[in-house]
6 protein chains.
Amino acid sequence: MRADGREQLQLRPIHIETNYLMHPEGSVLISVGNTKVICTASIDDRVPPFMRGEGKGWITAEYSMLPRATETRNIRESAKGKITGRTMEIQRLIGRALRAIVDLEALGERTIWLDCDVIQADGGTRTASITGAFVAMALALEKVSKTKKLAKYPIKDFLAATSVGILENKQVVVDLNYIEDSKALVDMNIVMTGNGEFVELQGTGEEATFSYNELQELLKAGQDGIVQLFEIQKEALGEEITSKINSRKEK
Amino acid sequence: MRADGREQLQLRPIHIETNYLMHPEGSVLISVGNTKVICTASIDDRVPPFMRGEGKGWITAEYSMLPRATETRNIRESAKGKITGRTMEIQRLIGRALRAIVDLEALGERTIWLDCDVIQADGGTRTASITGAFVAMALALEKVSKTKKLAKYPIKDFLAATSVGILENKQVVVDLNYIEDSKALVDMNIVMTGNGEFVELQGTGEEATFSYNELQELLKAGQDGIVQLFEIQKEALGEEITSKINSRKEK
Amino acid sequence: MRADGREQLQLRPIHIETNYLMHPEGSVLISVGNTKVICTASIDDRVPPFMRGEGKGWITAEYSMLPRATETRNIRESAKGKITGRTMEIQRLIGRALRAIVDLEALGERTIWLDCDVIQADGGTRTASITGAFVAMALALEKVSKTKKLAKYPIKDFLAATSVGILENKQVVVDLNYIEDSKALVDMNIVMTGNGEFVELQGTGEEATFSYNELQELLKAGQDGIVQLFEIQKEALGEEITSKINSRKEK
Amino acid sequence: MRADGREQLQLRPIHIETNYLMHPEGSVLISVGNTKVICTASIDDRVPPFMRGEGKGWITAEYSMLPRATETRNIRESAKGKITGRTMEIQRLIGRALRAIVDLEALGERTIWLDCDVIQADGGTRTASITGAFVAMALALEKVSKTKKLAKYPIKDFLAATSVGILENKQVVVDLNYIEDSKALVDMNIVMTGNGEFVELQGTGEEATFSYNELQELLKAGQDGIVQLFEIQKEALGEEITSKINSRKEK
Amino acid sequence: MRADGREQLQLRPIHIETNYLMHPEGSVLISVGNTKVICTASIDDRVPPFMRGEGKGWITAEYSMLPRATETRNIRESAKGKITGRTMEIQRLIGRALRAIVDLEALGERTIWLDCDVIQADGGTRTASITGAFVAMALALEKVSKTKKLAKYPIKDFLAATSVGILENKQVVVDLNYIEDSKALVDMNIVMTGNGEFVELQGTGEEATFSYNELQELLKAGQDGIVQLFEIQKEALGEEITSKINSRKEK
Amino acid sequence: MRADGREQLQLRPIHIETNYLMHPEGSVLISVGNTKVICTASIDDRVPPFMRGEGKGWITAEYSMLPRATETRNIRESAKGKITGRTMEIQRLIGRALRAIVDLEALGERTIWLDCDVIQADGGTRTASITGAFVAMALALEKVSKTKKLAKYPIKDFLAATSVGILENKQVVVDLNYIEDSKALVDMNIVMTGNGEFVELQGTGEEATFSYNELQELLKAGQDGIVQLFEIQKEALGEEITSKINSRKEK
């Protein structure tokens, strides 16, 4: 049993509130335990200059935290005048992950901006952002498809993410909260598609290492957790969008 | 009747959800119509270097908007690497307003950080921020006073703010939404204390001017609106905190 | 009697030296007591990108202080790499104020850059900047109208500004110098047009508040002071320009 | 056979020139095929402020490229005024990897600065940087240990890195050059210790995904490559340093 | 005869107005023809951190131009967020030049800040800045010496600067105005001391070169011009300060 | 005899390794004693916006040092977010010097980027950069002329640079190493063309001055040193390129 009463391979309670904000094309408030992230998807009918004329779309992500999303107040990156390395790494990861399951040609010359703003942090903010951003993006594309003709439905598969890790007591666990994460020997983020393929795998031993066998255990734990996330995403998106993604996936 | 069905001097529906986040000493989600702001108050047991040793506290505010708080997506200030003039003006206003009703000596050598993050914008974000930040600050001071001995209760009076303006049809209205604000001839923000004194008055004719008589009408409209905000603040804070502020005020 | 020997409602000696510099289309050195500001107006035959093709002009202002304009040396904003909130607030105020009395359509697709550089500061630099910038702008437009055909004379009225305040002894005074300003309970900047309308009103209680009656007294004091500024502006501009503004105003 | 004539699992020719520069405590020029990186290790007898008094050392890395290290000239990050996300990600990776095999307590309150400057790039610059920085660091610690008493030899094991990937033709290959890397479906960087444990694993499908079986193949290929890198490191460091690391490792 | 009617080796009319501003310890407005620079000297009773405890003083200079000092408006460096290379070069030159004739030990642990703000530019702004800054510094040191005990009078000699150049017609001229400077083949700035020694010599052929004989002619022309500047400085400083500098120089 | 055993007017051993890197059009590694600089020349078939349509080319230079090129580690300019005044001064000097001997019209609308990256510093990095950049540029133009038709061969003469100075013992020396440079009374950089004309002359007394006679001695010493550099450049470039430059020079 873990400090918060969970089993080793048990996720925290997860809730996705759709259409959370009035302005964005798609938006959710995703809660993973006490971690809460507002994810919005904005669709812009242009692509960045370096991509113009190629007939393809682009997906880009930004990530931020409110100053008091955390236990002690963080200085805003706008006040510092620059973005930290951690933020850059996370927003590059989110963008890359989402691009893996979108048919950028079917999207046409459009940019999807994914904004993930953490309002409360308790570990796993980057994986919650990916899981939530996927839903916000699907909602936004649904809205767009009502008024603009897309050549083909552009989402090729479901996408979700979770963290796994090895605690100080050598236990392999899934969906680490902040306390667990800050003391873990090994921390790994896994992003997977609905058909069980990997999109990203980032495993790190901070002042520690991990063996081949431990890696296998971590992968298994992550896979089991992510399967549950897909069910929650499907419920949030509803049958119509779910079946569009599924038909595209089968092809 | 106004475009959204309100009377000239009618505020939008206002709701203040207290203790909205788990980490900050005080926090609220304030909604003024469709405008939604997360206000947090963080208490730091130090003051800025230029104030050390003076036995007084300090209050400082920061203000930001999520990129999709608005109809079209705004570039983040962290991505631009600098804060806009508008943001600076607003955060200076919020800090100054709150300092006017706090006894900084009673606070002791502490800093109160007020963070106002607009998650949805529909006009009046700066006045909503002031009204909400007051509540967050009172909640934070309550929490602090449980564990740390304050010489005296530091809040000297209630504080709230609203906007008034003159629409294109020359009507004087209170609590302008975004559509009204963007077309108004005159826009005025009023910050007042519980005992009816002014703290800030900022009236601007954008490519327009206003007469002495119009000014009097605007002041009256603002005053009437702010009186209603105090009732909502009192309800949010509860009887205990309200009576602490009231006893301090009477002295 | 005030510390510098003035009556409560007496302005400091004011002098406006026109055509102070050789390069700008319009320029003045305005002295308000010991406060000295170089105001220049530059006319650019283009508007910012977001306004192109609308057939309207634009007015924008920048404000700065020499490092030793003040008692102790200030670090240059260029050395800091960013503009302070105070500077931003002031330059936004100057631009907004001037736009209120210019017919931007009559100006055509031109930008007027107003640069206000304080070479010596003794309180009231922002109001001196507005009063001086108005004269520099009128001189620049006169020069432009010699060579370029304007549809209509674009200045709709005179514009001047002063500060009023409540001193520690509760006296209401006009045109505060630095010593008075730094200790005042309430500080208010008033910008008015030649026909007695308000353009901007910014009243602030720094760790203090003010009543409705005090506000009325402050407004009256400001109005009386500004009337005198208009006379000084007219003398500086000369009869020809004054009568152009007056004829436009009467329409 | 690959485009450059290599077998699927064959590394490029690797050369490590030690003591390449006169000033740094440790330095190498590492060549991995046409990729050339100058790695230096500088030892500072202080730690960052947040670590003072803890009796532990710190390791931090910086990474950069000469503007013409690449086919087309890149704008310098100093000219842009900020570091790109890619650079930040790489320097965080290098620092984290090296910290995993150093006993920071044995190091004492010292900082090791690792600077990896790519003078010629042909793929695999981050893994070459890690492999080279390890050698530079060992050389620097050797020099330090001549004059300063270290409680214990601080390097706990060898450390090296390589890339593996899946090419467009679905082949799994090791040590991708630039051409291969830019077209690969999957790209994975692996950092391992001398005793075969993982330190970092970063696998990414850019607009692609990879299966569990493909992952196993990639891991195997990386492991085989890294074993060869350890031999080249040992030769560069010489017997004395190699045996110090080995004795520490056995404990 | 030159375009403005001057002889080849004739300086423009020069005027130095001392004590131009009320706040700085020393200040002048120097005019060299139409070039006008406000030079102030501020004395700070501290040195930069890297010099503390050495018992020596420091001199540092900053240089800037008002946006409309020139024919067309320049963007402010504060608005750009960075200082141009030209500004840096000039302010480094001014500081270095002044340090050459000050006994930094006699100054004690003090910093002299020299601020040179060009309000009107017509060529030769850097040399006018040096000539004016010398006078401002001497005035400031005079004021300081009234209240603080200096071990020794710190100014070791007079210092002034001018420009010389070769025009398109191959004429060697002194004190180039803007029109001459912008077309000159060779441009040289010369800084000299009262006893005829060089402090700085910066000669540049912009897309041109100059021979040994031309160099000799340029040096002679500069020397003759600078001798005249010393007389103007002496008149501005008055007999008392002049004789202090002279007695120090003789030793 | 000097500390490193050289005669007063003896250069350090100089070596120029051509085509040092695979990607740039031209590149060298130049060693002047222990000072080592990688100079690359990149040719871009465009000119900066302000020069378009004029039928002329442009040459621009950038200069940087690796953090451990020096005895103690320097913070990277990219990490600071800005370029120091020293770097700006040097890169402006390099660009200006090279432009003096190139026929920009013969170059056509092309930009030559010269990048000088100091990998090891022991005094004289800016003059080594100029001497090396000349060779890199000539190599790059040779490569370009193979595929693109140039109206005329664009290099008008050889160009090289060295430093001269006056040591504490009043000796005039050439090509100062770091130890000499840091203690020299006077430091002068001289850039000359193959036919003995000056391009740049920058002499500085840091807290010292120099007489007319000393200047003559410095110029003579520099001239003698630079003549030797031309021989080394010719050897590095080979006969074909040397004779192209010589024929252009003779015209």
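The values are calculated or read from the model by the stated rules, or taken from the named source; none is laboratory data. On a predicted model such as this, the values are computed, not experimentally measured, just so you know. Virtual Cβ from ideal backbone geometry, glycine too; neighbours counted across all protein chains shown. All accessible areas refer to the heavy atoms of the entire protein, side chains included, with ligands and DNA or RNA removed. Shrake-Rupley method; radii C 1.70, N 1.55, O 1.52, S 1.80 Å.
A few points about this structure:
- Boolean, C:Gly124 is touching a strand residue (DSSP E or B) at 6+ places or on another chain (Cβ under 6 Å), more than 13 Å from chain B (Cβ to nearest Cβ) and at positive phi: yes
- Yes/no for C:Ala41 being touching a residue at least 60 places away in the same chain (Cβ under 8 Å), facing chain E (nearest Cβ under 10 Å), in contact with a helix residue (DSSP H, G or I) (Cβ under 6 Å, 6 or more places away or on another chain) and closer than 20 Å to E:Glu77 by Cα: yes
- Within region F:230-251, the set of residues being without any contact (Cβ under 8 Å) to a residue 60 or more places away in the chain and open to solvent by less than 50 Å² (accessible area, probe 1.4 Å) comprises F:Gly238, F:Thr242, F:Asn246.
- Residue in region A:137-147 that is in contact with a Ser or Thr (Cβ under 7 Å, 6 or more places away or on another chain), more than 15 Å from A:Ile245 (Cβ to Cβ), modelled with pLDDT of 95 or more and open to solvent by less than 40 Å² (accessible area, probe 1.4 Å) present: no
- Scope region B:94-112; condition in contact (Cβ under 8 Å) with a residue 60 or more places away in the chain and out of contact with any Lys or Arg (no Cβ under 6 Å at 6 or more places or on another chain); matching residues: B:Arg96, B:Ala97, B:Leu98, B:Ala100, B:Glu109, B:Arg110, B:Thr111, B:Ile112
- The number of residues in region E:1-54 being within 14 Å of E:Ala138 (Cα to Cα) and among the β-branched types (Val, Ile, Thr) comes to 5.
- Qualifying positions in region F:69-102 - within 12 Å of chain E (Cβ to nearest Cβ), over 11 Å from the mean Cα position of the chain (by Cα) and of a type in the set (Val, Ile, Thr): F:Ile83, F:Thr84, F:Thr87, F:Ile101, F:Val102
- Among the numbered conditions (1) surrounded by fewer than 15 Cβ atoms within 10 Å (Cβ to Cβ); (2) among the aliphatic types (A, V, I, L, M); (3) more than 17 Å from the chain's Cα centre (by Cα), the only one that E:Val227 does not meet is (3).
- B:Glu200 satisfies every condition listed in (1) closer than 20 Å to C:Asp187 by Cα; (2) open to solvent by 10 Å² or more (accessible area, probe 1.4 Å) except (2).
- Region F:199-235 - residue that is among the charged types (D, E, K, R) and more than 7 Å from chain E (Cβ to nearest Cβ) and, of those, nearest to E:Ala100 (Cα to Cα): F:Glu214
- Number of the exception - E:Lys156 against (1) charged (D, E, K, R); (2) within 19 Å of E:Leu98 (Cβ to Cβ); (3) open to solvent by less than 20 Å² (accessible area, probe 1.4 Å): (3)
- Within region D:18-54, being open to solvent by 80 Å² or more (accessible area, probe 1.4 Å) and within 20 Å of D:Ala128 (Cβ to Cβ) holds for one residue alone: D:Asn19.
- Failed criterion for B:Gln171 (all others in (1) within 13 Å of chain C (Cβ to nearest Cβ); (2) in contact (Cβ under 8 Å) with a residue 24 or more places away in the chain; (3) open to solvent by 10 Å² or more (accessible area, probe 1.4 Å) hold): (1)
- C:Met88, sole failed condition from (1) under 27 Å from E:Val118 (Cβ atoms); (2) surrounded by fewer than 19 Cβ atoms within 10 Å (Cβ to Cβ): (2)
- Test for E:Val199: is it closer than 18 Å to E:Arg126 by Cα, free of Cβ contacts under 8 Å to residues at least 12 places away in the same chain and among the aliphatic types (A, V, I, L, M): no
- Of the residues making up region E:55-64, those that are among the aromatic types (Phe, Trp, Tyr) and open to solvent by 10 Å² or more (accessible area, probe 1.4 Å) number 1.
- Cβ-Cβ contacts under 7 Å between residues 6 or more apart (or on different chains), taken from a first residue in region E:140-167 that is within 16 Å of E:Met192 (Cα to Cα) to a second residue that is of a type in the set (Lys, Arg), are listed as E:Ile155/E:Arg248; E:Lys156/E:Arg248; E:Lys156/E:Lys249; E:Asp157/E:Lys249.
- Residue in region B:136-154 that is within 30 Å of B:Gln216 (Cβ to Cβ) and more than 14 Å from chain A (Cβ to nearest Cβ) present: no
- Residue within region A:63-75 that is modelled with pLDDT of 95 or more and within 26 Å of A:Ile155 (Cβ to Cβ) present: yes
- Residue within region D:29-50 that is among the aromatic types (Phe, Trp, Tyr), within 18 Å of the chain's Cα centre (by Cα) and on the phi < 0 side of the Ramachandran plot present: no
- Filtering region F:196-210 to residues that are among the small types (Gly, Ala, Ser) and within 19 Å of F:Asp181 (Cα to Cα) leaves F:Gly203, F:Gly205, F:Ala208.
- Criterion (small (Gly, Ala, Ser) and buried (at least 18 other Cβ atoms within 10 Å of the Cβ)) met by exactly one of B:Ala208, B:Ala221, B:Ala151: B:Ala221
- Flag: B:Asn189 does not match the condition of being at pLDDT below 95 and touching a helix residue (DSSP H, G or I) at 6+ places or on another chain (Cβ under 9 Å).
- So A:Ile59, is it of a type in the set (A, V, I, L, M), within 12 Å of another protein chain (Cβ to nearest Cβ) and in contact with a strand residue (DSSP E or B) (Cβ under 6 Å, 6 or more places away or on another chain): yes
- In region E:107-119, the residue that is farthest from the other protein chains (Cβ to nearest Cβ) out of those that are open to solvent by 10 Å² or more (accessible area, probe 1.4 Å) and within 12 Å of E:Leu141 (Cβ to Cβ) is E:Gly108.
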